[in-house]
Amino acid sequence: MILVTGASGQLGHLVIQNLLKQVPATQIAALVRTPAKAQDLATLGVELRQGDYEQPETLDRALQGVEKVLLISSSEVGKRYPQHVALIDAAKRAGVKLLAYTSILRADSSPLPLAAEHKATEEYLKTAGVPYVLLRNGWYTENYTASVPAALQLGAVYGAAGDGRIASAARADYAAAAAQVLVLPDQAGKVYELAGDTAYTLTELAAEIARQTGKAITYQNIPEVAYQQALVGAGLPEGLATLLAESDTGASKGGLYDDGKVLSGLIGRPTTPLATLVTAALKG
């Protein structure tokens, strides 16, 4: 049995869809806090298991009979580490044979503040006594193409990444990689640095939006604080705005760049091009 945490989220859904192409639905379980919100997975034959990181006893029940776990990093920034520890401890008690964890690109040396909780989780895994594999995911291209509507309205892409090159990939690419690792043998101890095949700057993102729309779109680089304030002004929660602004600064320092092409090698195809995701964003 393979259990996917965060299964009601976008990445979790995509991972399960990929797993269904390779293993029977009866061998897949989805860990969800509220089963009623994941009935679409149940209709596919996936077993829903209720679990809450804040209630360890629910995790013990959810992990019964599970051989492999995909721990998709929690979405609650600032609370991630204790939540991850709770799941890892439950996995150990259940005798899980492999735990795959979605970390961040070069977690041990990343300049992104976001990496701190990932690094701490990795360090805990090293001593927890559960066989594990690290999926160090780079940035989702969708993190940037979400700004396409605003760019069209304002005539510019705004950010704080300077000329930093961003080797992002589609969420679907990372999901395919996670599913592949879960079905491949002998994965314990491996570390995958996962990123897109082709890197770009935000200037090049703006140029791609301009190319596809025929409109004049430029890139405006602004200080991190100003960018964070602009995101809040656009309606983003303060925590998310801070995360995105800090990550842009990290990108300017090379934190989102990688040219190893490990991701495409793992999934057996090129990663999704930036142009494809810009097109998707324009279609809404």
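The values are calculated or read from the model by the stated rules, or taken from the named source; none is laboratory data. Bear in mind the structure is a predicted one, so any value in this text is a computation, not a measurement. Note: ideal-geometry Cβ built from the backbone for every residue, glycine included; neighbour counts use all protein chains shown.
Starting from residues that are surrounded by 13 or more Cβ atoms within 10 Å (Cβ to Cβ) and among the basic types (Lys, Arg), keep the ones in the range 25-58 and report whichever is modelled with the highest pLDDT. The selected residue is 49.
The residues listed here are 91, 100, 120; of these, the one that is more than 29 Å from residue 167 (Cα to Cα) and either aliphatic (A, V, I, L, M) or assigned to a loop (DSSP other than H, G, I, E, B) (or both) is 91.
Only a single criterion out of (1) surrounded by 16 or more Cβ atoms within 10 Å (Cβ to Cβ); (2) of a type outside the set (Gly, Ala, Ser); (3) under 22 Å from the mean Cα position of the chain (by Cα) is not satisfied by residue 77, namely (1). In the range 124-147 there is at least one residue matching the filter, namely being touching a residue at least 60 places away in the same chain (Cβ under 8 Å) and closer than 21 Å to residue 187 by Cβ.
The residues on offer are 6, 65, 45, and the sole one that is part of a loop (DSSP other than H, G, I, E, B) and within 17 Å of residue 137 (Cβ to Cβ) is 6. Just to be sure before I move on: is residue 235 over 30 Å from residue 100 (Cα atoms), at pLDDT below 95 and not in a helix (DSSP H, G or I) in the structure I sent? Yes; evaluated as a whole, the condition is true for this residue.
Residues that are closer than 19 Å to residue 102 by Cβ and surrounded by 14 or more Cβ atoms within 10 Å (Cβ to Cβ) within the range 262-284 comprise 262, 263, 264, 266, 267, 271, 272, listed in sequence order. The number of residues in the range 151-195 being part of a loop (DSSP other than H, G, I, E, B) and touching a residue at least 60 places away in the same chain (Cβ under 8 Å) comes to 13. Could you tell me whether the range 271-283 includes any residue that is at pLDDT 95 or above and either among the aromatic types (Phe, Trp, Tyr) or touching a Pro at 6+ places or on another chain (Cβ under 6 Å) (or both)? No - not one qualifying residue is present in the range 271-283. It is to be established whether one or more residues within the range 64-76 are modelled with pLDDT under 95 and acidic (Asp, Glu). Within the range 64-76, one or more residues are modelled with pLDDT under 95 and acidic (Asp, Glu). Condition first: within 20 Å of residue 28 (Cα to Cα) and aromatic (Phe, Trp, Tyr). Can you find one or more residues in the range 69-88 that meet it? Checking the range 69-88: not a single residue is within 20 Å of residue 28 (Cα to Cα) and aromatic (Phe, Trp, Tyr).
Residue count for the range 196-207 under the criterion of being assigned to a loop (DSSP other than H, G, I, E, B) and among the hydrophobic types (A, V, I, L, M, F, W, C): the result is 1. Considering the conditions (1) farther than 30 Å from residue 202 by Cβ; (2) among the charged types (D, E, K, R); (3) crowded, with 22+ Cβ neighbours inside 10 Å, residue 117 is excluded by exactly one of them, (1). Taken together, the residues in the range 261-284 that are in a helix (DSSP H, G or I) and under 16 Å from residue 178 (Cα atoms) amount to 6.
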